[in-house]
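**Q** The structure that follows is given in the form of structure tokens.
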């Protein structure tokens, strides 16, 4: 190594504590901003370049750097996102957060020719007040990250240049992953659009046009169709209502032949009164003053099963669906059946 | 009312015995406090010796479940008697807990 590079290395050793501090500061700022912007990412990481790695860089192109400060990746941070769209959102976040050295920043996603594929990442060279060193921020998707890591492993680890045939195959994979990334983003956008459409249909009361599934049921429940019944049940003992997820009921509702949200709505209307009577019978003689927001729907299902001739076996299946198969569910079904019978439900 | 907590591998087992009524709720809530900090484990609420549960008892179970969810833990309620199962059913909590 020449004297110039030796001097830069010496400068590096002296600057190490500051570089470590810069790394920590960058990590803190990134974590805080990601939380503030409500972004979801798979990884946020940072490192200070090792002396060995710097020595390698200087051996290759030491003359390019007048001082240590000319090297822009002594501190490197990386954010790995789920979706390609999020790379741009985080880039915009970084632009607000740091001073960007545009002359040295590069969007490698745009460097490719129309007929070439390969390394895809957005590299920003950034600066924050109080530090004389710049740092590099890499932004890429999980798939781009996987490709880059594997490419690095196969291409550089051994130090032996790999044949063009293999390079071609690796780059073909980059093209494939680029397509997959675009498809994931498209799927996410379409799901978001679908949810918005469903919310609109629910809002407009066009429930027969909406198939019953996890997403649509969640939107429907947000409109609180069981609120009135739950509040009536709570009033029996002046009980508080604990909100609980109703996901387990989707299977039950399907078994009760609800195919659309319109079917669910009709089911609620049809059995609401008897569901309330059952609750009053069960809770009226107790001092229980806490119920879950599932109680109304649970009782509607019980009453519906009994009204449609499902009997004890139907109730047992309901409890199995809600709570997993258990021998005691048969006993519970028997008890509920007797209670309902006394009410002529 | 008695509450015992022991740790075994990836599980933390809280065993309840007696009647978890309003009077017993305060000492029981105190006794289960360590469960609220348990991270990434299975919390077993063993109710084989539990005779009765009141609303206050349900609230304790709910708070354990809520904290477990925020700490990456999972709550399993085990060996409840028929009366307690009925309380879980008529309050609508049967679909919330993993009851074995």
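The values are calculated or read from the model by the stated rules, or taken from the named source; none is laboratory data. This structure is a prediction, so every number in the text was calculated from the model and none was measured. Please note: Cβ atoms are built from the backbone with ideal geometry, for glycine as well, and neighbour counts cover all protein chains shown.
**Q** Would you point out which residue out of A:42, A:72, A:81, A:28 is farther than 23 Å from residue A:120 by Cα and within 34 Å of the chain's Cα centre (by Cα)?
**A** A:28
**Q** Does at least one position in segment B:72-90 carry a residue that is out of contact with any strand residue (DSSP E or B) (no Cβ under 9 Å at 6 or more places or on another chain) and away from every other protein chain (no Cβ under 13 Å)?
**A** Within segment B:72-90, one or more residues are out of contact with any strand residue (DSSP E or B) (no Cβ under 9 Å at 6 or more places or on another chain) and away from every other protein chain (no Cβ under 13 Å).
**Q** Further question: Of (1) surrounded by 16 or more Cβ atoms within 10 Å (Cβ to Cβ); (2) modelled with pLDDT of 85 or more, residue A:206 satisfies all except one. Which?
**A** Failing condition for residue A:206: (1).
**Q** Looking at segment A:326-345, which of the residues that are in contact with a helix residue (DSSP H, G or I) (Cβ under 9 Å, 6 or more places away or on another chain) and outside any helix (DSSP H, G or I) is nearest to the other protein chains (Cβ to nearest Cβ)?
**A** Selected residue: A:326.
**Q** Condition (residue is within 10 Å of chain B (Cβ to nearest Cβ), surrounded by fewer than 24 Cβ atoms within 10 Å (Cβ to Cβ) and in a helix (DSSP H, G or I)) applied to segment A:294-311: is it met by at least one residue?
**A** Within segment A:294-311, none of the residues are within 10 Å of chain B (Cβ to nearest Cβ), surrounded by fewer than 24 Cβ atoms within 10 Å (Cβ to Cβ) and in a helix (DSSP H, G or I).
**Q** Kindly provide the set of residues from segment A:312-325 that are within 12 Å of chain B (Cβ to nearest Cβ) and within 12 Å of residue A:256 (Cβ to Cβ), ordered by number.
**A** A:318, A:321
Every residue, every condition in (1) at pLDDT 95 or above; (2) under 33 Å from the mean Cα position of the chain (by Cα); (3) not assigned by TED's automatic domain parsing to the domain that holds residue A:323, yes or no:
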position: A:248; (1), (2), (3): no, yes, no
position: A:254; (1), (2), (3): yes, yes, no
position: A:260; (1), (2), (3): yes, yes, no
position: A:264; (1), (2), (3): yes, yes, no
position: A:268; (1), (2), (3): yes, yes, no
position: A:287; (1), (2), (3): no, no, no
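**Q** When residue A:266 is evaluated against the numbered criteria (1) in contact (Cβ under 8 Å) with a residue 12 or more places away in the chain; (2) part of a helix (DSSP H, G or I), which criterion, by number, is the only one it fails?
**A** Tallying (1) in contact (Cβ under 8 Å) with a residue 12 or more places away in the chain; (2) part of a helix (DSSP H, G or I), residue A:266 fails exactly one: (1).
**Q** With surrounded by 16 or more Cβ atoms within 10 Å (Cβ to Cβ) and without any contact (Cβ under 8 Å) to a residue 24 or more places away in the chain as the only criterion, which of A:61, A:57 stands out?
**A** On inspection, the qualifying residue turns out to be A:57.
**Q** For segment A:222-239, what are the residues that are within 14 Å of chain B (Cβ to nearest Cβ), free of Cβ contacts under 8 Å to residues at least 60 places away in the same chain and either buried (at least 16 other Cβ atoms within 10 Å of the Cβ) or in contact with a helix residue (DSSP H, G or I) (Cβ under 7 Å, 6 or more places away or on another chain) (or both)?
**A** Matches in segment A:222-239: A:232, A:234, A:236, A:237, A:239.
**Q** Tell me which residues, restricted to segment B:13-47, are surrounded by fewer than 19 Cβ atoms within 10 Å (Cβ to Cβ) and part of a strand (DSSP E or B).
**A** Selection gives B:13, B:15, B:17, B:18, B:19, B:42, B:46.
**Q** I've got another one for you. Considering (1) in contact (Cβ under 8 Å) with a residue 12 or more places away in the chain; (2) more than 21 Å from residue B:98 (Cβ to Cβ), say which one residue A:293 fails and leave the rest.
**A** Here residue A:293 meets the rest and fails (2).
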